[in-house]
Amino acid sequence: MFLEIHENVWEWDTKRIWKFRGLVIRVKKPNHFDGTFTIRGEVARMTIEKIYPLSFPNFEKVILLDNYKIRRSKLYYIRDKVGKDARFESLVKTETKGIDLLDGLRQVKEDTKVEKNNEQKVVEEKTKNEEDTVKVFVENKEKVEESFNDSVEEVIEEKVEEIVEKKIGDNAQEKVENQEVNDADVESEELWEE
């Protein structure tokens, strides 16, 4: 890959953008946040190699100038090549040259922020709904308890009335039986007297 890196550089109190063009000759741990890449380029007619972390926060832009058909992962042999020997076959079409690679990352970050905000809203709505359902449940529970207490009281009153009626009925029956016995005793006494 041939990249142009726009790096934010602080010089005393002023900030400026430093541009550096070069060939990526090595990528270490490409799928890890701790990964690095080495880029080789010319600055002031001197060839230098710089190592950047993949998660470097001071990149303003990373522009893809060219991508090559390469069969090796490390391009250290390029250090010794000069001129036509250092050429590669290009894979990038003219329409895709000059694309900022960080735009995609920024878009992904914005999308994840939006998704997180949406998830937070959904969670807040769920908690509100749960709170509402709990409030409704508590209110319904109180109503059910009141109606249950009312129905229990009614059932208890009915049972008490039944028991009282039974007792009254039993007492009345005993009184009737006792009266019949008393009447029978009175009759038997009358018979004895005669």
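The values are calculated or read from the model by the stated rules, or taken from the named source; none is laboratory data. Values in this document were obtained by computation on a predicted structure and should not be read as measured data. All Cβ positions, glycine included, derive from the backbone under ideal geometry; neighbour counts span all protein chains shown.
Quick rundown of the values:
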| quantity | calculated |
| --- | --- |
| Residues satisfying the stated conditions in the range 97-116, i.e. under 11 Å from residue 62 (Cα atoms) and charged (D, E, K, R) | 100, 103 |
| Total residues in the range 19-47, condition over 17 Å from residue 98 (Cα atoms) and not in a loop (DSSP other than H, G, I, E, B) | 14 |
| Single condition residue 69 does not satisfy, out of (1) farther than 22 Å from residue 106 by Cα; (2) surrounded by 14 or more Cβ atoms within 10 Å (Cβ to Cβ); (3) out of contact with any Lys or Arg (no Cβ under 6 Å at 6 or more places or on another chain); (4) basic (Lys, Arg) | (2) |
| Condition broken by residue 77, with the remaining ones in (1) over 30 Å from residue 107 (Cα atoms); (2) touching a residue at least 40 places away in the same chain (Cβ under 8 Å) satisfied | (2) |
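Residue-wise test of (1) modelled with pLDDT of 85 or more; (2) touching a strand residue (DSSP E or B) at 6+ places or on another chain (Cβ under 7 Å); (3) part of a loop (DSSP other than H, G, I, E, B); (4) at positive phi.
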| site | (1), (2), (3), (4) |
| --- | --- |
| 49 | yes, yes, no, no |
| 60 | yes, yes, no, no |
| 74 | yes, yes, yes, no |
| 84 | no, no, no, no |
| 93 | no, no, yes, no |
| 96 | no, no, yes, no |
| 107 | no, no, no, no |
